[in-house]
Amino acid sequence: MPFYTGMNDIASRPAVPPTFGFYAILTDPLAGYERLTRICVDRGVAFVQLRMKNADERAVLETARLMRRITAGTQTRLIVNDYPAASRDSGADGVHVGQSDLPYAQVRAIVGPDAIVGVSTHSPRQTAAACAFGPDYIGVGPVFPTPTKKTADPAIGVDGMKRMLEIATVPAVVLGSITPDNLPDILRAGARNFSMVRPVNQAADPDAVVRRIMDVWRSVAAR
C-alpha cells in the first residue's frame, strides 16, 4: 500500500513555525529519557521526539506518558515516532511516521485533527508527494550516512538537502549525522531546523551538548 493515500489534509491546527531550530530525537539515551527530556525543556528545545524502534507499544506508551508529564505546559512539543495510538493515548502533541508506516489518512484518523503529524522524506519525489498532503512538517535526510538505522536510506548530501528544501512547502527538519561541528555549514546551506541523535543520546554530559547545540544555532541564526 502506498504511504500517501486519502484526501489533502490542511487543517486549522496550531502551526509549526517555519523556523524553530533544534528537534531532539531521544532514542536509548545514556542519561535516560526522563533526564534528557528535562534538559531539553530547560534549554528551550522546540521539539522532543520519542523514538523506540521495534519496542513493545506498552513500553512506548509508558515512556511517552513520562515525557508528557515533563513537557506539559512548556514550549517543548512532544512527538512519538511510529506509534500513532501511543501518541494519542499519552496526550503527546503529535506523531512522526516514515515512508513504510501507516498511510497518512489512517495516521490522521488515529491521532485526530488537532495533532501534529510529521513525515520522513528521503528524495525530492518523496518531498513533493508528502507536501501535497499537507503534513505539519517533514523530515529531510539523511544528509550524511548514518548508522542509527539498521537499513538506512542513501545519504542525500548537502546538494540533495538543498533541492528537497526548495521543494518543501511545509516546515522541514534536516537530519542524518549532523553534529555541533558541521551544524554551521548545514545552516548556512539553507536548513532552518535540524536534528541530532548520537551527539545527544550518547553524551555523558547531555546538558553541555544541548547547550552547545542551542548556542551554535542561535549564533548562526542571528547573522
Legend entry - Ellipticity estimate at 222 nm from DSSP helix runs (n ≥ 4, -39,500 (n - 2.57)) divided over the chain, nearest 500: -11000 deg cm²/dmol
Legend entry - Efficiency of FRET between D185 and L66 - r from beta-carbon atoms, R0 25 angstrom, step 0.05: 0.10
Inset, instruction - Give the residues of the stretch 125-140 whose amide nitrogen is closer than 12 Å to a point set 7 Å from the Cα of T169 in the direction of its Cβ. - result: 128-135
Inset, instruction - Label the chain by shape, choosing from rounded, prolate and oblate, from the square roots a ≥ b ≥ c of the eigenvalues of the Cα gyration tensor; if a/c is under 1.5 it is rounded, and otherwise prolate applies when a/b is larger than b/c, oblate when it is not. - result: rounded
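A short reminder: the numbers here are calculations on the coordinates, not readings from a lab. Only a predicted model underlies this, so the values are computations on that prediction, with no experimental measurement involved. We place every Cβ from the backbone using ideal geometry, glycine too, and count neighbours over all the protein chains shown.
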